[in-house]
1. Would you mind computing, in nm to one decimal, how far apart the modelled labels at LYS218 and ARG79 are, each placed 7 Å from Cα along Cα→Cβ?
2. Give me the number: length gained by fully extending HIS226 to GLU27, i.e. 0.36 nm times residue separation minus the C-alpha to C-alpha distance, one decimal in nm.
3. If you take the beta carbon distance between SER103 and SER51 as r and set R0 to 45 Å, what does 1/(1 + (r/R0)^6) give as a FRET efficiency, to the nearest 0.05?
4. Over all alpha-carbon pairs of the stretch 112-151, lay out the pair-distance distribution in 5 Å bins, whole %, shortest bin first.
5. Quick check on the chain: of the DSSP beta bridges with both residues there, what percent are antiparallel, nearest 5%?
6. Where a Cα-Cα gap under 20 Å defines reach, which lysines qualify for LYS108, not counting those fewer than 8 residues away within the same chain?
7. GLN135 label point, 7 Å along Cα→Cβ, cut-off 17 Å on backbone N: hits in the stretch 174-191?
8. Any chance you could list P(r) for the stretch 31-131, counting all Cα-Cα pairs in 5 angstrom bins from zero, rounded to whole %?
Amino acid sequence: MSSTPRVALVTGAGSGIGRACALALLEAGYHVVLAGRRADALQQTVAAAPSGAERLLAVPTDVGDPASVKALFATTRERFGRLDVLFNNAGTGAPPIPMEDLSFEQWKTVLDVNLTGPFLCTQEAIRLMKSQTPQGGRIINNGSISAYAPRPFSAPYTATKHAISGLTRSTALDGRRHNIACGQIDIGNAATDMTERMANGVIQANGETKVEPRMNVKHVADAVVHMASLPLDANVLFMTVMATNMPFVGRG
């Protein structure tokens, strides 16, 4: 086996799914670069590591800013010399209000984080992965159930997650020549702070408000580690991990 360390980079690593996946990758033996807007949240992720914290590198980053993303990958290259896995996880949403009431700023904020961010990170990851020895790597995009079916009042989030599916397919196709695999994990109702409101009830397509089941975020982290750990001649192109009884199949 090669003595070269495996290196993963996780965006949105300061909380929720990003934190859980970063720590799971750490436990699986990876050196992990933690990217996120808030330095204090990244340090909380470092503090949450039961062991191996010396293999974590926190880099405060705004994924929607090209200069910030370039600096993130330059730091990764300088520290580790390579990148094996990028998990494009950072995401945000707009207030659940009618589409016609959304401001341009609210729309743009969601696009910058959810779509421009993964694009910029994917660009930099490809540049690094195609130039390293051995060549190649894996990019995993955090899609969503909303990549297939919207919730009410979720136009910006839904539009970006549909677009992520296109980015995943394009990256999987264009990455082949450089031994770069790309897949997408579509997550439904993982128990994090972001989905806490579901325990109190969220609006459904028929206008009713209902409590929705959630699942342990560990199942998401385990799935990401599985995708990340495949040899580069195998790829999970799309995977859906969801709370069994959430209203997705038949939503609406």
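We did not get these values from a lab; they are worked out from the coordinates using the rules stated. From a predicted model like this one, the values you see are computed outputs, not experimental measurements. Backbone-built Cβ (ideal geometry, glycine too); neighbour counts: all protein chains shown.
1. Distance between the two pseudo-spin positions: 2.7 nm.
2. Here the answer is 70.4 nm.
3. Once the sixth-power term is evaluated, E becomes 0.50.
4. Final binned percentages: 6, 20, 21, 19, 14, 10, 6, 2, 1.
5. 5 percent
6. Those lysines meeting the cut-off are LYS161.
7. 174-182
8. 2, 12, 20, 21, 17, 12, 7, 5, 2, 1
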